Amino acid sequence: MLTNKTILITGGTGSFGNTFVPMTLEKYNPKQIIIYSRDEMKQWDMAMKYEGDPRVRFVIGDVRDKARLVQVLQGVDHVVHAAATKIVPTAEYNPAECIKTNINGAMNVIDACNEVGVNSAVALSTDKASNPINLYGATKLASDKLFSASNPMNGADGTRFSVVRYGNVMGSRGSVIPFFLSRQDTGELPITDAEMTRFMISLEDGVKLVWHAFDDMMGGEIYVKKIPSMTVVDIAKTVAPEATHKIIGIRPGEKLHEQMIGTEDAAHTYEYDGYFKILPAINNWSEDPARIGNGKKVPERFSYTSDNNTEWMGQPELSEWINANQHKIGKI
């Protein structure tokens, strides 16, 4: 699918892009990967890693600027839409800016892809888009709906749009593991709630889910990878076994448990080896045999949350991962 193709990734200097680019170069040897983002310093730093590699190109631009997207998408085969305003408190205090990037930006990407004739586009989503309780989650839900509803009807030619959704990315900037590591020498770690749970996924697994979406998608699907859960207390004990814990309470806009599939989506959700697929309720696409494939319908009122998960990560497994990834935790 991606071999000898041109791929553009919006927000490509972020955590996902820094993992997607080297993995995709190695596995697929694409014709070119275009990093499209608005942070020139992040581009400068990232470009040093690929100096002399003609397959990697850096372009300054913003998803809020449709004209720039149309210009840069000329000749592009596939798009990964990773650009977003993601920090929950930032979105709460700057709602208009979050909407401009996450909703208007998604519309610009969709319109530009259709105008230029891009083959397919996959958007990155979040557990917070499932039954959202904060603005960030609400804007990502709107983005998911836009991508699902923008597919061509009746098998007509046009850009195919799909979504991948996953939870807490292990070791990414601002996440719980680097935060606990930064506080481990204090002897006390702040814990939001003793019962809190989180999904655990590596960036590498997130990239593989995007690859799978490009290979499998017909348009409109939301792909949800099966991943393990862990309690925040167990994460803290792994990072700093001797530290005490101080319960600080749930912050505004924060959930006790993460949710990636709600009961409202169960009627349109199918299970496969290693992942779930939520099909659109519109246009009878959730009953389309080609989209369902070999999927098995999930039970009525099914939900996929970090507390009702059947797969759990233990402290030894997390400790092994931390030891193997010390060099990049909190840096991408």
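A few notes on this one:
- Selected residue [surrounded by fewer than 21 Cβ atoms within 10 Å (Cβ to Cβ) and at pLDDT below 95] from Y93, Y50, Y28: Y93
- Some residue of the stretch 153-162 being among the basic types (K, R), at pLDDT 95 or above and closer than 20 Å to P30 by Cβ: yes
- The condition (being touching a Leu at 6+ places or on another chain (Cβ under 6 Å), among the aromatic types (F, W, Y) and within 21 Å of N108 (Cα to Cα)) is satisfied by just one residue among Y28, Y36: Y36.
- You will find that of S162, S172, the residue that is of a type in the set (S, T, N, Q), in a loop (DSSP other than H, G, I, E, B) and surrounded by 22 or more Cβ atoms within 10 Å (Cβ to Cβ) is S172 and no other.
- Checking the stretch 215-224 against the condition returns a match, with at least one residue being surrounded by fewer than 17 Cβ atoms within 10 Å (Cβ to Cβ), closer than 18 Å to K296 by Cα and in contact with a helix residue (DSSP H, G or I) (Cβ under 9 Å, 6 or more places away or on another chain).
- Which listed residue, of I201, I133, is farther than 21 Å from F20 by Cα, among the β-branched types (V, I, T) and out of contact with any helix residue (DSSP H, G or I) (no Cβ under 8 Å at 6 or more places or on another chain): I133
- Filtered residues of the stretch 142-159 (kept if surrounded by 18 or more Cβ atoms within 10 Å (Cβ to Cβ) and of a type in the set (D, E)): D144
- Counted residues, the stretch 108-118 - those being surrounded by fewer than 18 Cβ atoms within 10 Å (Cβ to Cβ) and touching a helix residue (DSSP H, G or I) at 6+ places or on another chain (Cβ under 9 Å): 3
- Residue in the stretch 241-263 that is assigned to a helix (DSSP H, G or I) and surrounded by fewer than 21 Cβ atoms within 10 Å (Cβ to Cβ) present: yes
- One residue stands out in the stretch 267-289 among those that are modelled with pLDDT under 95 and polar (S, T, N, Q): the one that is surrounded by the most Cβ atoms within 10 Å (Cβ to Cβ), namely S286.
- Hits in the stretch 90-148 (condition: assigned to a strand (DSSP E or B) and out of contact with any Cys (no Cβ under 6 Å at 6 or more places or on another chain)): S120, V122, A123, L124, S125, T126
- Test: residue in the stretch 293-313 that is over 28 Å from S172 (Cα atoms), among the aliphatic types (A, V, I, L, M), part of a helix (DSSP H, G or I) and over 19 Å from the mean Cα position of the chain (by Cα): no
- All positions within the stretch 125-141 that are over 20 Å from S286 (Cβ atoms) and either surrounded by fewer than 24 Cβ atoms within 10 Å (Cβ to Cβ) or in contact with a Gly (Cβ under 8 Å, 6 or more places away or on another chain) (or both): T126, D127, K128, P132, I133, N134, L135, Y136, G137, A138
- The residues of the stretch 58-79 that are in a helix (DSSP H, G or I), in contact with a helix residue (DSSP H, G or I) (Cβ under 7 Å, 6 or more places away or on another chain) and not aliphatic (A, V, I, L, M) amount to a single one, K66.
- Extreme residue, nearest to D144 (Cα to Cα), among residues of the stretch 226-250 that are of a type in the set (D, E, K, R) and more than 22 Å from the chain's Cα centre (by Cα): D234
- Against the test of being surrounded by 22 or more Cβ atoms within 10 Å (Cβ to Cβ) and either in contact (Cβ under 8 Å) with a residue 24 or more places away in the chain or farther than 18 Å from N119 by Cα (or both), the options I87, I33, I103 yield a single qualifying residue, I33.
The values are calculated or read from the model by the stated rules, or taken from the named source; none is laboratory data. Just so it is clear, the structure is predicted and the values come from calculations on it, not from any experiment. Please note: Cβ atoms are built from the backbone with ideal geometry, for glycine as well, and neighbour counts cover all protein chains shown.
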